[in-house]
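Worksheet for the structure shown next.
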Amino acid sequence: MARYQLDARRLFCPMPVIRTQNRVAELQPGDVLEVTCTDPGALNDIPAWCRINGHRVLGTRRGDNEVIIEVEVGDGA
Amino acid sequence: MSQSQHNDSPGANRGSEKLPEGRAPGTAPVKAVALVSGGLDSMLAVRVIQEQGIHVEGINFYTGFCVEGHTHAIRKKDQGKDKRNNALWVAEQLGIKLHIIDIVEEYKDVLLNPKHGYGANMNPCLDCKIFMVHKALEWAEKHGFDFIITGEVIGQRPMSQRKDTLPVVARESGAHDRLLRPLCAKNLPPTLPEREGWVERDKLHDFSGRTRKPQMALAARFGFSDYASPAGGCCFLTDEAYSRKLVDLWQARGRREYEMDDIMLLKVGRHIRPAPHYKLIVGREEGENNFLEGYRKQFVHLRCTSHTGPLVLLDGEANEEDLRLAARITARYSKGHLAEQVTVQVTGLDGVSRELAVAPLPPDELKPEWHL
């Protein structure tokens, strides 16, 4: 398992989801991707995308004008 | 919410002679990719096909002009509103995967050179649909999917969903009879999935026209009680005010082209053009000002320093007289709009700032034709 980071700041829905989707496609099951966004809508969209595509949100947290979402890559089933 | 993917239907397996290479005869499941906009029609189309035991996955295209969430995410007063992405939400209700594809760059040619022209505003709906079905076809071929479904209904939309234009979409996209419209299929010639028996034509629908009643009834039958507004409201290009600002941008630059930042900025603030060679983008509230802050280094910008006021970006070339007028307009939208004189800071592209003492422009001097 490896950890990666993705900067999706100053992007608006659905670009943070698209960037997450494209980066996750390059990773292995079990890898963790930490996505940083400024669009608070990402707190809804990225978890929704994870649920329907077989990935897991390990946690979310809010920073100064930012939200951070930790995604564990699933097996794509 | 149903997550079912039925696989006991006669349509679940295809005839062996039609199987792509590499699949065992009689065992490969039929798969369809659906254009999912987030609206009701595509939601219903997917469920109709799911009910026939077909594995469906969704595809959603991002053109840059999608209404989804942008302004809600920017404007402070809207930040308490539900910001769900409707396509993702629909996919979750249907229990299907959703693939969101960024087509911002490729879409420029669709918008700038539409073979079939524009609708009421700058919406190239027919070319847009042809392009999206073509992209879905490419995706389907790459991922081993057998046909494409859409939520189109004959007569539903004035440009892209007419009896004479639905065949144009099928033909010019290259999808031909691999394009199935489950909601109006009975009004159209049988497609490949119907002829091959993958899909039972009798279980498809014959909706037509602008009425939404059949869709509402079908939604009720499927137990869908929450869904987004009908199609057409999801693209800024169908919006008259947005289209006017886009055309103004091209006229001012003397060329028809755009970048992502251009189309984002057209969604934000008041756009005021006092002269052909420059315009002002005035933040209307805190959220928009915060958004415009991100563009400060790319634009000459103004802000009232003696009173609270908006951030104003200046797009174009402005001489000293123009800057004074821009400062007066900036002051007009500040808390000091009734004061005799206010101070406005002007910052150039080199980052150097200076202050101008100006009288706020009276409302009757702000010409209506300056507002885009």
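With respect to residue B:96, determine if the residue is surrounded by 20 or more Cβ atoms within 10 Å (Cβ to Cβ) and either within 9 Å of chain A (Cβ to nearest Cβ) or under 19 Å from residue B:44 (Cα atoms) (or both). When the stated conditions are applied, residue B:96 passes them. Counting only residues that are at pLDDT 95 or above and in contact with a Lys or Arg (Cβ under 7 Å, 6 or more places away or on another chain), segment B:255-283 holds 6 of them. I'd like to check something: does segment B:108-122 contain any residue that is within 20 Å of residue B:42 (Cβ to Cβ), buried (at least 20 other Cβ atoms within 10 Å of the Cβ) and more than 14 Å from every other protein chain (Cβ to nearest Cβ)? Yes; the residues of segment B:108-122 include at least one that is within 20 Å of residue B:42 (Cβ to Cβ), buried (at least 20 other Cβ atoms within 10 Å of the Cβ) and more than 14 Å from every other protein chain (Cβ to nearest Cβ).
Set side by side, the residues B:313, B:266, B:372 differ, and just one is of a type in the set (A, V, I, L, M, F, W, C), under 30 Å from residue B:122 (Cα atoms) and either within 14 Å of chain A (Cβ to nearest Cβ) or surrounded by fewer than 16 Cβ atoms within 10 Å (Cβ to Cβ) (or both), which is B:266. Can you tell me which residue in segment A:1-36 is farthest from residue B:295 (Cα to Cα), limited to those that are in a loop (DSSP other than H, G, I, E, B) and within 7 Å of another protein chain (Cβ to nearest Cβ)? This residue is A:14.
Scanning segment B:276-323 for residues that are in contact with a strand residue (DSSP E or B) (Cβ under 8 Å, 6 or more places away or on another chain) and among the small types (Gly, Ala, Ser), we see that the one that is farthest from residue B:366 (Cα to Cα) is B:306. Within segment B:271-294, being of a type outside the set (Asp, Glu), surrounded by fewer than 18 Cβ atoms within 10 Å (Cβ to Cβ) and in contact with a Leu (Cβ under 9 Å, 6 or more places away or on another chain) holds for B:275, B:290.
So, in segment B:108-120, exactly how many residues are more than 18 Å from residue B:240 (Cα to Cα) and assigned to a helix (DSSP H, G or I)? Final tally of qualifying residues: 3. From (1) closer than 30 Å to residue B:132 by Cβ; (2) surrounded by 18 or more Cβ atoms within 10 Å (Cβ to Cβ), pick out the condition that doesn't hold for residue B:251. Going through (1) closer than 30 Å to residue B:132 by Cβ; (2) surrounded by 18 or more Cβ atoms within 10 Å (Cβ to Cβ) one by one, residue B:251 breaks only (2). All conditions but one from (1) modelled with pLDDT under 95; (2) touching a helix residue (DSSP H, G or I) at 6+ places or on another chain (Cβ under 7 Å) apply to residue A:46; the one that does not is (1).
Just so you know, in segment A:2-20 the residues that are touching an Asp or Glu at 6+ places or on another chain (Cβ under 6 Å) and surrounded by fewer than 20 Cβ atoms within 10 Å (Cβ to Cβ) include one that is nearest to residue A:35 (Cα to Cα), and it is A:5.
Can you pull out every residue in segment B:207-230 that is small (Gly, Ala, Ser) and in contact with a Leu (Cβ under 8 Å, 6 or more places away or on another chain)? Matches in segment B:207-230: B:219, B:228.
Of the helices (runs of 4 or more DSSP H) lying entirely inside segment B:159-239, not one carries at least 2 residues that are modelled with pLDDT of 95 or more, among the acidic types (Asp, Glu) and surrounded by fewer than 20 Cβ atoms within 10 Å (Cβ to Cβ). Only one entry of B:136, B:91 meets the criterion of being surrounded by 23 or more Cβ atoms within 10 Å (Cβ to Cβ), away from every other protein chain (no Cβ under 12 Å) and either modelled with pLDDT under 85 or over 13 Å from the mean Cα position of the chain (by Cα) (or both), and that entry is B:136. Only a single item in (1) over 26 Å from residue B:332 (Cβ atoms); (2) more than 25 Å from the chain's Cα centre (by Cα) is not met by residue B:210, and it is number (2). Just to be sure, is residue B:306 small (Gly, Ala, Ser), in contact with a helix residue (DSSP H, G or I) (Cβ under 8 Å, 6 or more places away or on another chain) and not in a strand (DSSP E or B)? For residue B:306, the condition - small (Gly, Ala, Ser), in contact with a helix residue (DSSP H, G or I) (Cβ under 8 Å, 6 or more places away or on another chain) and not in a strand (DSSP E or B) - is not met. Against the numbered list (1) among the small types (Gly, Ala, Ser); (2) touching a Pro at 6+ places or on another chain (Cβ under 8 Å); (3) crowded, with 16+ Cβ neighbours inside 10 Å, residue B:339 comes up short only at (3). In the set A:45, A:75, A:39, only one residue is in a loop (DSSP other than H, G, I, E, B), within 14 Å of chain B (Cβ to nearest Cβ) and free of Cβ contacts under 8 Å to residues at least 40 places away in the same chain; that residue is A:39.
The values are calculated or read from the model by the stated rules, or taken from the named source; none is laboratory data. It should be emphasised that the depicted structure is a prediction, and the values quoted were computed from it without experimental measurement. Here the Cβ is made from the backbone with ideal geometry for all residues, glycine too, and neighbour counts use every protein chain on show.
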